[in-house]
1. Along segment B:118-130, what does the Karplus equation 6.51 cos²θ - 1.76 cosθ + 1.60 (θ = phi - 60°) give for ³J(HN,Hα), rounded to whole Hz, x for Gly and Pro?
2. Out of B:VAL11, B:VAL85, B:VAL101, any idea which swings most in a Gaussian network model of chain B, alpha carbons joined below 10 Å?
3. Return a whole-number percent for the relative contact order of segment B:67-154, with Cα pairs under 8 Å and 6 or more residues apart as the contact set.
4. Contact order normalised by length for segment B:111-154, with contacts defined as Cα pairs under 8 Å and 6 or more residues apart; what percent is it?
5. Less than 12 Å Cβ to Cβ from A:GLN58, Lys/Arg counted +1 and Asp/Glu -1: what total charge do the surrounding residues give?
6. Set Lys and Arg Cβ to +1 and Asp and Glu Cβ to -1, take the dipole of the protein assembly as shown about its Cα centre, and tell me which of A:TYR40, B:PHE112, B:PRO94 lies farthest positive.
7. Work out the mean other chain Cβ neighbour count within 10 Å for the residues of A:1-13 and drop it here as an integer.
8. Given 37 °C and 0.692 mPa s, how large is the Stokes-Einstein diffusion coefficient of chain B in µm²/s, with Rh as the Kirkwood radius over Cα pairs?
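Every read-out reported here was derived from the displayed coordinates using simple, explicitly stated rules and does not represent laboratory data. Note that the coordinates shown come from a computational prediction; the quantities given were computed from them, not determined experimentally. Neighbour counts are summed over all protein chains in view; Cβ atoms, including those assigned to glycine, are modelled from backbone coordinates with ideal geometry.
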Amino acid sequence: MIKVLFFAKLREALGQSELQWPLAAEASVEDVRAALVAEYPQWQEALCASNVLTALNQEVVNAKARVKPGDELAFYPPVTGG
Amino acid sequence: MGSTARLKVQVGAADFDAGEEIRLVQALTDSIGGVASFIGAMRSSNDGRRVDAMSLEHYPGMTEKALGRIVDEAANRWQLLGATVIHRVGEFVPGDQIVLVVTAASHRGEAFAACEFIMDYLKTRAPFWKKERTSEGDFWVEARDSDEQAADRW
């Protein structure tokens, strides 16, 4: 299993802030995103938007990063703090 | 790490006393020759809309790490002797303070540059998101290209 988190506008669009996702073996961030969209086709537009960022275990990563069971993967829109 | 520099990062709902935070940094060592500070506050309008209130969300855990890394980098690049970053989260109304950055160095140039660098990086790299409650409805604040350009110059 991995923990998947969604924040801000993306969280609202998906109607969910967090889920546990079964991940049996190592996969890329892109693989996980594709698997989520296969399970929830209505997430396609929001989750695959070009400006969606990803963090793996609280570090910014790109789509090729490798996700392992037990990891924490977050999807979120561009940040607007300060 | 900036060797012996005292670097403080705080994220939470509590308000801050900028004067007190500046005094704490200034008192760290008598090697300090300059202290710079910045306060970010909530505006009452944005893109021509009146903003009545704002909520600020973050990614607990990652936020502190990201801010810590930004302050570490600033301390190394400008040989800071001390720095404090406080970023609030939760609900805000116009005039409320949101963020405080205090930097201290031997000379003013380093303190000014580090303070601006920390703000520019914070705005584009730390996982915070603002949602405004306006006269025309609720809107997530969109990231600005100008913020990305400001961060890129460093």
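1. Result, rounded to whole Hz: 4, 5, 5, 6, 4, 5, 10, 10, 8, x, 10, 9, 9.
2. In the Gaussian network model the winner is B:VAL11.
3. Details: 96 pairs, mean separation 21.2, N = 88.
Computed value for segment B:67-154: 24 percent relative contact order.
4. 41 percent
5. Numbers: positive: A:LYS3, B:LYS65, B:ARG69; negative: A:GLU59, A:ASP71, A:GLU72, B:GLU64.
Charge balance near A:GLN58 sits at -1.
6. Checking the options against the dipole of the protein assembly as shown, the answer is B:PHE112.
7. Numbers: counts 0, 0, 0, 0, 2, 0, 7, 10, 7, 2, 2, 3, 1.
Across the residues of A:1-13, the mean count of other-chain Cβ atoms within 10 Å is 3.
8. The calculation lands on 205 µm²/s.
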